[in-house]
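The structure appears below as structure tokens.
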Amino acid sequence: MKRESSFITSAASGDMLFGWDDENTNATLNANGTYDLPAASFPAEVPPNGVRVIAAVLEVALQCTMAVDSGGPDGVSVCSGGANDGARCEAPSDGNNDICFGGTNDGNPCQSATDCPLGTKACNGGTNVGNTCTVDGDCPKTCTGGSNAGNACTVAADCPKICTSGANVGNACTTASDCPKTCTGGDNAGNACTGPSQCPGGGTCDGACGATSCDGACADELGSCSNADCGADSTCGPTDQASPTPDSALVSIPIQ
């Protein structure tokens, strides 16, 4: 479609489709997802997405660009957390914009924190959690969850499970069937149930046999595998895609 311009006398009401372009808009995409447009000048030549209006003796010049909603599903990704919180970022779906922050691989591409060892070891559980260690023996194990939570253990069997919700809260269990479900909150709070529909008024139907473990090991301390644009301990979102550019994101728009 070729570029055109014309003088139009407006009617009392109606629709008009005007000015679309997929290039040469000269719009600049800012870090916060807004666009800077070239200054509009009434006597200047009308650009592809420009509008000139004469209202009585008032001359009005507008310069437009067509683009996606920067906060929508196809909009601009921003950093959440990290040194650049709120700044625009790129988050390719293949994750190739993540790098190590800290550790022996600082600055190198990574897929997870395990790619970013700090070169030191610490207890990841047990009585000495967080302390520096060299072997597992430096990290005496303790039970996480269950009736022996916090007590010393050597194997998972030393940490019996208990019901964490339902009719038998606190009782020993091995499977969820040992913990009959009851309504938590709502109009039938405390009553037996099999599903949420039996707990009207905003209640939930709960019954679980809580997980337990015997934890304590000497493990590598890890740095952060985070988005290169955002900094350590951050994410790039909400959309997992590259940011749009002014020329690739243009659409036609109706003006009333």
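So here's what we get for this one:
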{"quantity": "Amide hydrogen neighbours beyond the local backbone of S224, cut-off 5 Å, H modeled", "calculated": "F101"}
{"quantity": "Rounded to the nearest 20 debye, dipole of the stretch 143-220 from Cβ charges on Lys, Arg, Asp, Glu", "calculated": "200"}
{"quantity": "Cα gyration tensor shape of the stretch 143-220, rounded if a/c is under 1.5, else prolate or oblate by comparing a/b with b/c", "calculated": "prolate"}
{"quantity": "Residues whose placed amide H lies under 5 Å from that of C193, excluding near-sequence neighbours", "calculated": "K181, T182, C183"}
{"quantity": "Built amide H within the under 5 Å cut-off of K121, gap 5+", "calculated": "C133, E221"}
{"quantity": "Prolate/oblate/rounded label for the stretch 121-162 (Cα gyration tensor, a/c 1.5)", "calculated": "prolate"}
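Coordinate-derived values only; no laboratory data. What you are looking at is a predicted structure, and each value in this text was computed from that prediction instead of being measured. Virtual Cβ from ideal backbone geometry, glycine too; neighbours counted across all protein chains shown.
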